[in-house]
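The values are calculated or read from the model by the stated rules, or taken from the named source; none is laboratory data. Because the structure is a prediction, the values reported are computed rather than measured. Calculation scope for accessible area: heavy atoms of the full protein, side chains included, ligands and nucleic acids excluded. Shrake-Rupley method; radii C 1.70, N 1.55, O 1.52, S 1.80 Å.
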Amino acid sequence: MHTILICDDDRDIVSALDIYLASEGYRTLKAYNGLEAIQAVERNEVHLILMDIMMPVMDGLEATREIRTMNRSDASAVAIIAMTANAFAEDKSKALKAGMDEYLTKPLESEKLIRALSRYKYN
């Protein structure tokens, strides 16, 4: 079973994504800031991360950089999809440079989310 880590400081977004992803057959983990995301990846096998950019404690960019440098064989393979309200090209560039694989803007469009998830489902 594919495990998706949902990382966002907005609990309503996390809850909505959790309900949707569970209904699609995914196992989900939840984190509410970048530090919790890192801890979840350290303790679990994670196949994909939906990562907010702006969060307290540690933002999504720093968390992504930390995950990418973990001493794990899958640290560079786990797909990380940015979720952010920032829709500027500069923001997308920063996310990709930090090591994110995709960039989705909020509010999330279901078709774009489904397409992004399907690209990484079998990685």
Calculate the translational D of segment 49-120 in whole µm² s⁻¹ from Stokes-Einstein, where the hydrodynamic radius comes from the Kirkwood formula applied to all Cα pairs, the temperature is 10 °C and the viscosity 1.306 mPa s. 128 µm²/s
Mind telling me which of A31, A82, A22 comes out most flexible in a GNM of the chain, alpha-carbon contacts under 10 Å? A22
With all protein chains present and a 1.4 Å probe, the order of M58, M1 from largest accessible area down is M1, M58
Taking the C-alpha atoms of the chain, how large are the radius of gyration and the largest Cα-Cα span, Dmax, in Å? 12.9, 35
State, as an integer percentage, the relative contact order of the chain based on alpha-carbon contacts under 8 Å between residues 6 or more apart. 21 percent
Accessible area per residue, Å², segment 14-122 with all protein chains present, probe 1.4 Å: 54 Å²
Could you tell me the relative contact order of segment 1-67? Use alpha-carbon pairs under 8 Å, at least six residues apart, and round to a whole percent. 40 percent
